[in-house]
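A short worksheet on the structure shown next.
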Amino acid sequence: MRAQVFTKAHSPLALCELPPPNPAAREVLIAVKACAVCRTDLHIVDGELAHPKLPLVPGHEIVGTIVEKGADVDRFQIGDRVGVPWLGWTCGICEYCKSGRENLCDRARFTGYKIDGGYAELTVADNRYCFPIPAAFDDVAAAPLLCAGLIGYRTLRLAGEGKRVGIYGFGAAAHIVTQVARFQGRQVFAFTKPGDSTAQEFARGLGAVWAGSSNEMPPELLDAALIFAPVGALIPAALAATRKGGIVVCGGIHMSDIPAFPYSILWEERMIRSVANLTRRDAEEFLALAPKAAITTTTRRYPLADANAALADLREGRLEGAAVLVP
């Protein structure tokens, strides 16, 4: 099979011919139909996430068809279409797993980081961490749901029930979570890089009631702010834009250092929290919600051979929505 292989930080992926993987007892072999490109992939390739499996096939927003299954797989049949997200395995016995917080499992393994992922023609995945894809979405449209959608959904859920929601960093996750928030009857305020009128117009087109630069104050104080851009300086900016008792939720796995800020913008019971990974419950809830909310994903297709170009376009901010690799 063909696969894009990561061997060293700050080096391009190499398109290689690899032997097809064999599924273990609880695994399924999947013919990859689409794999979205995530900012987390960039953090791995750029050396910002330490200790990946090496060599590594990246990619954790996978949609494909099961072509073979292990002896202990009874959830799926050959030919079923499934999605594979970031969370690829948990121990099931630690205090976090037993208390419904498997996203915090100390032994968790992650697709495209500790487990080979979907920048390939074939991949294997533990069937317990795979999910049926709603028929309303074709393969390319569904791929961004598996991380941008899931992490955005968890980030919004942890922000509480506030009606005025700010979103900092208007990329793949933001363009999906905006639609979820609008479906829930919330108002969305979009914050982009200063001067990025294209992203601001994109946000308005998805239903944002206001769009402006990240160094601006919104016309009304926010109940909650979601931060998807990996920029630590956005935390004090978001706090300053958030009302008393509001919450700022950081949805990324990596962020630059947070600068010092005055206690006054945290006081009055404002809160900062992070999102770590996802749970299988998140996936089940969001994938059931997505067709009801008529979520649409904005995508740009790239051949598998052009994975480095897709990563470069994401790094340089040349995308609206999500890049998706198609073998």
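Remarks
- Karplus-derived 3J(HN,Hα) values for the stretch 121-128, using 6.51 cos²θ - 1.76 cosθ + 1.60 with θ = phi - 60°, are 7, 9, 8, 10, 8, 5, 4, 6 Hz; glycine and proline are entered as x.
- Antiparallel content of DSSP bridges confined to the chain, in %, to 5: 50
- In terms of its Cα atoms, the stretch 1-149 spans 40, 36, 30 Å along the principal axes, sorted from long to short.
- Residue-averaged 222 nm ellipticity for the chain, from DSSP H runs of 4+ at -39500 (n - 2.57), nearest 500: -6500 deg cm²/dmol
- Just so you know, the Cα atoms of the chain work out to an Rg and Dmax of 19.2, 59 Å.
- Taking amide hydrogens as placed 1.01 Å from N in the peptide plane, the amide H of residue 122 sits under 5 Å from those of 32, each at least 5 positions away in sequence or on another chain.
- Seen from a random direction on average, the alpha-carbon convex hull of the stretch 176-246 projects onto 4.7 square nanometres.
- Sequence of 44, 247, 227 once ranked by neighbouring C-beta atoms within 10 Å, starting from the fewest: 247, 44, 227
- Of 13, 71, 275, farthest towards positive along the dipole that unit charges on Lys, Arg, Asp, Glu beta carbons give the chain: 275
- With each label modelled as a point 7 angstrom along the Cα→C-beta vector, the residue 269-residue 281 pair spans 2.5 nm.
- Cα centroid separation, the stretch 1-46 to the stretch 236-281 (Å): 32
- Placing pseudo-labels 7 Å out from each Cα toward the beta carbon at residue 292 and residue 161 gives an inter-label distance of 1.7 nm.
- Volume in Å³ per residue [convex hull over Cα atoms, computed for the stretch 150-274]: 90
- The stretch between residue 75 and residue 98, if pulled fully straight at 0.36 nm per residue, gains 6.1 nm over its current Cα-Cα span.
- With the Kirkwood sum run over all distinct C-alpha pairs, the stretch 1-75 has a hydrodynamic radius of 13.8 Å.
- A Förster distance of 51 Å, applied to the separation of the beta-carbon atoms of residue 220 and residue 106, puts the FRET efficiency at 0.80.
- What you get for the chain, charging only the Cβ of Lys and Arg (+1) and of Asp and Glu (-1), is a dipole of about 500 debye around the Cα centre.
- Fewest-first sequence of 325, 104 by Cβ atoms within 10 Å of each Cβ: 104, 325
- Net charge over other residues, Cβ less than 10 angstrom from the Cβ of residue 304 (K, R count +1; D, E count -1): -1
- Given charges at beta-carbon only (K, R positive; D, E negative), |dipole| of the stretch 150-274 in Debye: 320
- Computed over the stretch 60-218, the quotient of the alpha carbon radius of gyration and 2.2 N^0.38 Å is 1.21.
- Under a Gaussian network description of the chain, with springs only between Cα atoms under 10 Å, the residue in 181, 293, 190 that fluctuates furthest is 293.
Readers should treat all values here as calculations from the given coordinates under stated rules, not as data from a laboratory. On a predicted model such as this, the values are computed, not experimentally measured, just so you know. Cβ sites come from the backbone with ideal geometry, for glycine too, and all protein chains shown count toward neighbours.
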